[in-house]
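Values quoted throughout were computed directly from the atomic coordinates according to the rules given, and no laboratory measurement underlies them. Here the structure is a predicted model, which is why all the values come from computation and not from measurement. Note that each Cβ is placed from the backbone with ideal geometry, even for glycine, and that neighbours are counted across all protein chains shown.
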Ligand code: LHQ
């Protein structure tokens, strides 16, 4: 894949390293705030990353000093009139494409992540935060409720009480606090952020793709199941994973005392 092969204007989509794709929100002058065209490009990039088997892990980050300031409150006044419609038609497809990826996704939070930008970081499987990062709920300050998936992801990650504290007080969370609260998986000094994220991405890219996708789905679905339901789901998905070529490769690698080479089949 060449850099921005799809002629994106608001994002950069490229391979950051073998097996690791990177999407960079690229409106640094507006702190990478979301516009309709940017959300459409993100949707397309996530779909492409899902379709290309060479992509084994996806990183999402922001150009310049911010990760993303959420909805652009200035660019298009119409976009902040019918909020229900904007969410349904522009944010939901982007979040659905990210969810449908079924590959490890890491938000590399290089700076402020506000409103729907904070939500996007939560919709990724992992967050690696710069020590300079700030997670800013933002919604409460403009009398809105959390959207773009925050109502789903945030209480699951940090519990209902802390989620309500953050949104109710509109308090920002630093990278270090995010780590302590279990919201970030790693925190790194700004100059080491990329190196730390790539090392983590590289580990994740070695995971057996089918088993990872099934595990991810199980962990999301079992939150709504009782034990019997969870055991049933495990049996079904283990049946699928156990029928894969990658399982055979895993067993062979174990016998031969070597690292496995998974192909996603
Ligand atoms: C911005 C923005 C921004 C435009 C900073 N837009 N220019 C979905 C569907 C439909 C509608 C509604 O909402 C949603 C979901 C949402 O995301 S709602 C939440 C929207 N986001 C916000 O309310 C965040 C507003 N921004 C801020 O609170 C601060 O700017 C943050 C905390 C992001 C950054 O603070 P600082 O680092 O101190 O930077 P700054 O405030 O000085 O901003 C730098 C520039 O960026 C400034 O422009 P200027 O011309 O004065 O230099 C800001 O106006 C601009 N900017 N966020 N969302």
- Does any residue of the range 37-58 turn out to be within 16 Å of the ligand (Cβ to nearest atom), touching a strand residue (DSSP E or B) at 6+ places or on another chain (Cβ under 8 Å), more than 26 Å from residue 185 (Cα to Cα) and not in a loop (DSSP other than H, G, I, E, B)? yes
- Does residue 187 meet the test of being surrounded by 20 or more Cβ atoms within 10 Å (Cβ to Cβ) and either under 18 Å from the mean Cα position of the chain (by Cα) or touching a residue at least 60 places away in the same chain (Cβ under 8 Å) (or both)? yes
- Item | In the range 123-147, the residues that are within 15 Å of the ligand (Cβ to nearest atom) and in a loop (DSSP other than H, G, I, E, B) | 132, 133, 137, 138, 139, 143, 144, 145, 146, 147
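I'd like to verify a number: residues in the range 197-216 that are buried (at least 17 other Cβ atoms within 10 Å of the Cβ) and assigned to a helix (DSSP H, G or I), how many?
The initial filter retains those residues of the range 197-216 that are buried (at least 17 other Cβ atoms within 10 Å of the Cβ), namely 197-198, 200-201, 204-205, 207-214, 216.
From the residues that got through so far, the ones that are assigned to a helix (DSSP H, G or I) too are 197-198, 200-201, 204-205, 209-214, 216.
Total meeting the criteria: 13.
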- Message: Can you report the number of residues in the range 67-122 which are more than 13 Å from the ligand (Cβ to nearest atom), surrounded by fewer than 17 Cβ atoms within 10 Å (Cβ to Cβ) and outside any helix (DSSP H, G or I)?
- Response: 1
- Only listed residue being free of Cβ contacts under 8 Å to residues at least 60 places away in the same chain and closer than 22 Å to residue 40 by Cα, chosen from 100, 143: 100
- Among all residue pairs at least 6 apart or on different chains, which show Cβ distances below 6 Å where the first residue, located in the range 66-81, is under 14 Å from residue 114 (Cβ atoms) and the second is more than 6 Å from the ligand (Cβ to nearest atom) and assigned to a helix (DSSP H, G or I)? 67/117; 68/117; 69/117; 70/117
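Could you list all residues from the range 152-175 that are within 15 Å of the ligand (Cβ to nearest atom) and over 14 Å from residue 120 (Cβ atoms)?
Residues satisfying the conditions are 166, 167, 169, 170, 171, 172, 173, 174, 175.
Could you check the range 239-265 and list, in sequence order, the residues that are part of a helix (DSSP H, G or I) and either in contact (Cβ under 8 Å) with a residue 12 or more places away in the chain or in contact with a helix residue (DSSP H, G or I) (Cβ under 8 Å, 6 or more places away or on another chain) (or both)? I'd like the intermediate steps shown before the answer.
Here is the first cut: in the range 239-265, the ones part of a helix (DSSP H, G or I) are 239-242, 245-255.
Result: 240, 241, 245, 246, 247, 249, 250.
Being closer than 22 Å to residue 34 by Cα and surrounded by 17 or more Cβ atoms within 10 Å (Cβ to Cβ) is the filter here, so list the residues in the range 145-165 that pass it. Before the answer, list the steps.
Here is the first cut: in the range 145-165, the residues closer than 22 Å to residue 34 by Cα are 145-154.
Those that are closer than 22 Å to residue 34 by Cα and surrounded by 17 or more Cβ atoms within 10 Å (Cβ to Cβ): 146, 147, 148, 149, 150, 153, 154.
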- Item | Search result, residues across the range 134-153 that are within 15 Å of residue 178 (Cβ to Cβ) and within 16 Å of the chain's Cα centre (by Cα) | 135, 150, 153
